[in-house]
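Have a look at the structure below, then the notes.
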Amino acid sequence: MPMLSETTSYNRFSRPTFYSIPQSYKTPALSDTDTDARAAACATLGNFGEKAATNEVIAALINATRNEDYYVRSKACEALGKLGEKAATDEVVAALINATRDKAYNVTWKAWKALRELGEKAVTNEMIAGLVNEHS
């Protein structure tokens, strides 16, 4: 299968829409060689909301929170938050808590925002301790 960047032009300034990425490219696009394509894939999956909260998508987004590019990491965190309470698994919460320690402020901010958006299911002792330690 060709990489998304080889077939379609995406950049970090365009706003992906619900239908902007073909179904067959959704998860493979997160492995694309182009950073902007990976970030656009994260953003698009987040825009799908709870409809996209499948095990495969969640696992791919968790993996993207560890991407070498800070912009991809921040978009992955944002997308996980937009998936709603359905995505508030222990693995997602752990990945987002880990992202709150990222060296890039944008990633940290998006991770905290995502944890808030996941709702009560995301509240853990580690999350509360992180908030207390960050603001004391």
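Some notes on this structure:
- Count of residues meeting criterion [open to solvent by 60 Å² or more (accessible area, probe 1.4 Å) and either polar (S, T, N, Q) or under 16 Å from THR100 (Cα atoms) (or both)] in the stretch 55-72: 5
- If you filter the stretch 52-66 down to residues that are in contact with a helix residue (DSSP H, G or I) (Cβ under 7 Å, 6 or more places away or on another chain), in a helix (DSSP H, G or I) and small (Gly, Ala, Ser), you find that the one that is modelled with the lowest pLDDT is ALA52.
- Note on the stretch 34-54: among residues that are out of contact with any Pro (no Cβ under 8 Å at 6 or more places or on another chain) and of a type in the set (Ser, Thr, Tyr), the one that is nearest to LEU118 (Cα to Cα) is THR54.
- Cβ pairs under 8 Å, 6+ apart, first in the stretch 26-51 and among the β-branched types (Val, Ile, Thr) and part of a helix (DSSP H, G or I), second open to solvent by less than 10 Å² (accessible area, probe 1.4 Å) and modelled with pLDDT of 90 or more: THR35/VAL72
- Among the residues of the stretch 74-103, those identified as at pLDDT 95 or above and open to solvent by 20 Å² or more (accessible area, probe 1.4 Å) are LYS75, GLU78, LYS82, ASP102, LYS103.
- Residue in the stretch 104-121 that is open to solvent by 40 Å² or more (accessible area, probe 1.4 Å), among the acidic types (Asp, Glu), at pLDDT 90 or above and not in a helix (DSSP H, G or I) present: no
- Output for the stretch 67-97, where each listed residue is outside any helix (DSSP H, G or I) and touching a residue at least 24 places away in the same chain (Cβ under 8 Å): ASN67, ASP69, LEU83, GLY84, ALA88, THR89
The values are calculated or read from the model by the stated rules, or taken from the named source; none is laboratory data. For clarity, every value in this text was computed on a predicted model and none was experimentally measured. Using ideal geometry, Cβ is built from the backbone for each residue, glycine included, and neighbour counts are taken over all protein chains shown. Calculation scope for accessible area: heavy atoms of the full protein, side chains included, ligands and nucleic acids excluded. Shrake-Rupley method; radii C 1.70, N 1.55, O 1.52, S 1.80 Å.
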